[in-house]
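The values are calculated or read from the model by the stated rules, or taken from the named source; none is laboratory data. No experiment lies behind these values; they were computed from the predicted model shown. In this analysis, Cβ positions are derived from the backbone assuming ideal geometry, glycine residues included, and neighbour counts consider all displayed protein chains.
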Amino acid sequence: NAGVTQTPKFRVLKTGQSMTLLCAQDMNHEYMYWYRQDPGMGLRLIHYSVGEGTTAKGEVPDGYNVSRLKKQNFLLGLESAAPSQTSVYFCASSYFYRLPNTDTQYFGPGTRLTVL
Amino acid sequence: GNSVTQMEGPVTLSEEAFLTINCTYTATGYPSLFWYVQYPGEGLQLLLKATKADDKGSNKGFEATYRKETTSFHLEKGSVQVSDSAVYFCALSERGGGNKLTFGTGTQLKVEL
C-alpha cells in the first residue's frame with residue numbers, strides 16, 4: 001500500500017516548456033487535489049477532482065490544466081511554464097465526504113519544480 | 001470566504017519546553033479543523049483533527065481544542081522533543097464541495113537540546 005505517489009520528484013524547466021506531473025493513489029479515494037507550496041504562503045489549491053472524469057478550479061488555477069481519466073490518477077499539466085510557477089507541488093486524496101470520518105486528506109511527497 | 005491565521009515562526013524551543021502555536025479561523029459554516037505536520041523534505045501528514053465545537057483532537061502528545069466562541073484551534077504540547085522539529089499547518093475544511101482545505105501559512109518549529 002504505497003498511499004499517494006508523485007512523479008517526478010524534481011524537475012527543471014526552461015520558460016515556455018511544457019510538462020505533466022503525475023499523481024497516483026491506491027486507496028480507492030474519490031477526491032484528489034493539486035496544491036502548490038510557496039514560502040510564507042502555505043499551501044494553495046490549484047485544481048481538484050471529486051471523481052473520475054471530473055475536475056474543478058481551486059484558488060490559483062491559471063496556467064495549469066488537469067485531467068482525471070482514471071480514478072487512481074490525477075495529472076497536472078503546465079502548457080507553457082513561467083518562472084512564477086517555480087514551487088513545490090503536492091498531490092492529495094480523500095474519501096467521498098458522506099462516509100464517516102472521511103474529510104482527512106492524504107498527501108504525496110511533493111515535486112520540486114524550478115522554471116528558469 | 002474561509003481563512004486561517006496562525007502565528008508566524010520560526011519558533012525555537014529547548015527540549016522539554018511547553019509549546020503553543022496559535023491558530024484562528026474564519027468560516028461561513030461549521031468546518032472541521034486540522035493540524036498537519038511537514039517534516040523536512042516530506043509531504044504533509046495529519047497530526048490531529050476536530051470536527052465540532054468543544055472536540056479535542058490529540059496525537060503523539062499534541063492537543064488542540066475546537067473553540068467556536070473564539071474561533072480558535074491552538075496546538076499545544078507539554079514537553080517537546082528534538083524530533084518534533086517541523087513545519088506545522090493549521091487548516092479547515094467545510095464538508096461538501098470537495099472537502100477543500102484552507103491552510104494557514106505554516107509555523108516552523110525548531111527544538112534544540
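Summed over region B:87-113, residues that are within 14 Å of chain A (Cβ to nearest Cβ) and either loosely packed, with under 14 Cβ neighbours inside 10 Å or farther than 30 Å from A:LYS57 by Cα (or both) total 2. From the residues in region B:1-50 that are among the β-branched types (Val, Ile, Thr) and within 14 Å of B:THR71 (Cα to Cα), which one is nearest to the other protein chains (Cβ to nearest Cβ)? So, considering only residues that are among the β-branched types (Val, Ile, Thr) and within 14 Å of B:THR71 (Cα to Cα), the one nearest to the other protein chains (Cβ to nearest Cβ) is B:VAL4.
Does A:ALA92 satisfy the criteria of being among the small types (Gly, Ala, Ser), farther than 23 Å from A:THR15 by Cα and at pLDDT 95 or above?
Working: among the small types (Gly, Ala, Ser): yes; farther than 23 Å from A:THR15 by Cα: yes; at pLDDT 95 or above: yes.
The answer is yes for A:ALA92.
Here B:SER58 meets each of (1) crowded, with 16+ Cβ neighbours inside 10 Å; (2) over 22 Å from A:GLY42 (Cα atoms) with one exception, condition (1).
Checking each residue of region A:37-44 against the condition of being exposed (fewer than 14 other Cβ atoms within 10 Å of the Cβ), facing another protein chain (nearest Cβ under 9 Å), among the basic types (Lys, Arg) and over 17 Å from A:LEU13 (Cβ atoms) gives no match.
The condition of being away from chain A (no Cβ under 13 Å) and in contact (Cβ under 8 Å) with a residue 60 or more places away in the chain holds for only one of B:ASP84, B:ASP54, that being B:ASP84.
Evaluated against (1) surrounded by 20 or more Cβ atoms within 10 Å (Cβ to Cβ); (2) among the polar types (S, T, N, Q); (3) touching a His at 6+ places or on another chain (Cβ under 8 Å), B:THR65 falls short on exactly one condition, (1).
Pick out the one residue from B:PHE103, B:PHE18 that is hydrophobic (A, V, I, L, M, F, W, C), on the phi < 0 side of the Ramachandran plot and within 12 Å of the chain's Cα centre (by Cα).
On the way: B:PHE18 fails: within 12 Å of the chain's Cα centre (by Cα).
B:PHE103 is the lone residue from the list that is hydrophobic (A, V, I, L, M, F, W, C), on the phi < 0 side of the Ramachandran plot and within 12 Å of the chain's Cα centre (by Cα).
With the requirement that a residue be in contact with a Lys or Arg (Cβ under 9 Å, 6 or more places away or on another chain) and more than 17 Å from B:VAL82 (Cα to Cα), what does region B:1-23 give you? B:ASN2 - this is the single residue of region B:1-23 that is in contact with a Lys or Arg (Cβ under 9 Å, 6 or more places away or on another chain) and more than 17 Å from B:VAL82 (Cα to Cα).
Filter region A:58-94 down to the residues that are among the charged types (D, E, K, R), under 25 Å from B:ASN2 (Cα atoms) and away from chain B (no Cβ under 11 Å) and list them by number. Talk me through it step by step, then tell me what you get.
Within region A:58-94, the first condition is being among the charged types (D, E, K, R), and the residues that meet it are A:59, A:62, A:68, A:70-71, A:79.
Going one step further and asking which of them are under 25 Å from B:ASN2 (Cα atoms), we end up with A:59, A:62.
The one that is among the charged types (D, E, K, R), under 25 Å from B:ASN2 (Cα atoms) and away from chain B (no Cβ under 11 Å): A:ASP62.
A:GLN25 meets all of the listed conditions (1) surrounded by fewer than 18 Cβ atoms within 10 Å (Cβ to Cβ); (2) in contact with a strand residue (DSSP E or B) (Cβ under 8 Å, 6 or more places away or on another chain); (3) polar (S, T, N, Q) but one, namely (1).
Inspect all residues belonging to region B:61-83 and state whether any of them is in a strand (DSSP E or B), closer than 26 Å to A:ALA2 by Cα and touching a strand residue (DSSP E or B) at 6+ places or on another chain (Cβ under 6 Å).
Here is the first cut: in region B:61-83, the ones in a strand (DSSP E or B) are B:62-65, B:67, B:72, B:75-77.
Then keep just the ones that are closer than 26 Å to A:ALA2 by Cα; that gives none.
The answer is no; no qualifying residue exists.
Residues of region A:1-11 that are in a strand (DSSP E or B) and surrounded by 12 or more Cβ atoms within 10 Å (Cβ to Cβ): A:VAL4, A:THR5, A:GLN6, A:THR7, A:ARG11.
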